[in-house]
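The structure under discussion appears below in the form of structure tokens.
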Amino acid sequence: GAITGPDVETAFRQARDATEGVLGMVRDSGVSDEVIAGRFFEKYYVDEFTLYSEDNIMGCCRLLVRRAREALVSP
């Protein structure tokens, strides 16, 4: 269902924290983008995401890294 009331602030805070975590991992890891994508895959390919193919989720992880790189270089 929809997030309402005081839970909205919590949801936005958690989303911002997750975004900062992804950007920090991409910015500070010192390893290749493929290694980072693999780390994201290991972290996120659990629970309901396993309903999707590994190739699909790995593609999403690669895209997440690519978009994070783009965000880090944008003004």
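The values are calculated or read from the model by the stated rules, or taken from the named source; none is laboratory data. Not measured: the values here are computed from a predicted model. With ideal geometry, Cβ positions are generated from the backbone for all residues, glycine too; neighbour counts draw on all protein chains shown. Side chains included, ligands, DNA and RNA excluded: accessible areas come from the protein's heavy atoms. Shrake-Rupley method; radii C 1.70, N 1.55, O 1.52, S 1.80 Å.
In the range 49-58 there is no residue that is over 24 Å from ILE3 (Cβ atoms), open to solvent by less than 100 Å² (accessible area, probe 1.4 Å) and among the aromatic types (Phe, Trp, Tyr). Would you confirm whether any residue within the range 14-30 is open to solvent by 100 Å² or more (accessible area, probe 1.4 Å) and part of a loop (DSSP other than H, G, I, E, B)? No, because not a single residue in the range 14-30 is open to solvent by 100 Å² or more (accessible area, probe 1.4 Å) and part of a loop (DSSP other than H, G, I, E, B).
Before we move on, is VAL65 part of a helix (DSSP H, G or I), touching an Asp or Glu at 6+ places or on another chain (Cβ under 7 Å), surrounded by 12 or more Cβ atoms within 10 Å (Cβ to Cβ) and of a type in the set (A, V, I, L, M, F, W, C)? Judged against the criteria, VAL65 is a match.
Considering only the range 31-48, how many residues are of a type in the set (Ser, Thr, Tyr) and either open to solvent by 100 Å² or more (accessible area, probe 1.4 Å) or outside any helix (DSSP H, G or I) (or both)?
Adding up the residues that qualify gives 2.
Screening ALA71 with (1) open to solvent by 70 Å² or more (accessible area, probe 1.4 Å); (2) in a helix (DSSP H, G or I) gives one miss only, at (1).
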